[in-house]
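Structure first, commentary second.
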Amino acid sequence: MHIYEVIVVAVFGTDISHFVVAKNADNAKKIILDYYSTRDDGIRPTVAMYDLTTKLINLNNYIDEVMLG
């Protein structure tokens, strides 16, 4: 498992980051898509796969304990 930062790019007028533990980047994106589809209120914009970008978080880059999200 890896930690990914999944970024919803400018759908809500700004970028929104979510941190996800997943096996790969595609699974991380699917988790976020499921999250937004279950909270679809018909008012906010719909989030699609092309609205998402991922960044693998390399924990070796952090020498101290840190909160990621």
_Please list, by residue number, every one of the chymotrypsin sites (Phe, Trp or Tyr not before Pro) in the chain that is coil in DSSP and has at most 13 other beta-carbon atoms within 10 Å._
PHE12, TYR62
*Any chance you could run the full-extension gain for ALA10 through LEU56? It's 0.36 nm times the residue separation minus the Cα-Cα distance, nm to one decimal.*
14.6 nm
*Please report, as a whole percent, how much of the solvent-accessible surface of the chain comes from carbon and sulfur atoms (probe radius 1.4 Å).*
52
_Nearest-0.05 FRET efficiency for ILE31 and VAL66, computed from C-beta distance (R0 22 Å)_ = 0.50
*If you roll a 1.4 Å probe over the heavy atoms of the protein chains, what accessible area per residue do you get for the chain, in Å²?*
73
*Helical contribution to [θ] at 222 nm, DSSP H n ≥ 4, -39,500 (n - 2.57), averaged over the chain, rounded to 500*: -6500 deg cm²/dmol
*Compute the acute angle (0 to 90°) between the alpha-carbon long axis of helix 25-38 and the principal axis of greatest extent of the alpha-carbon atoms of the chain; round to the nearest 10°.*
40
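The values are calculated or read from the model by the stated rules, or taken from the named source; none is laboratory data. For clarity, every value in this text was computed on a predicted model and none was experimentally measured. Glycine gets a Cβ as well: all are built from the backbone with ideal geometry, and neighbour counts include every protein chain shown. With ligands, DNA and RNA removed, areas are computed over all heavy atoms of the protein, side chains included. Shrake-Rupley method; radii C 1.70, N 1.55, O 1.52, S 1.80 Å.
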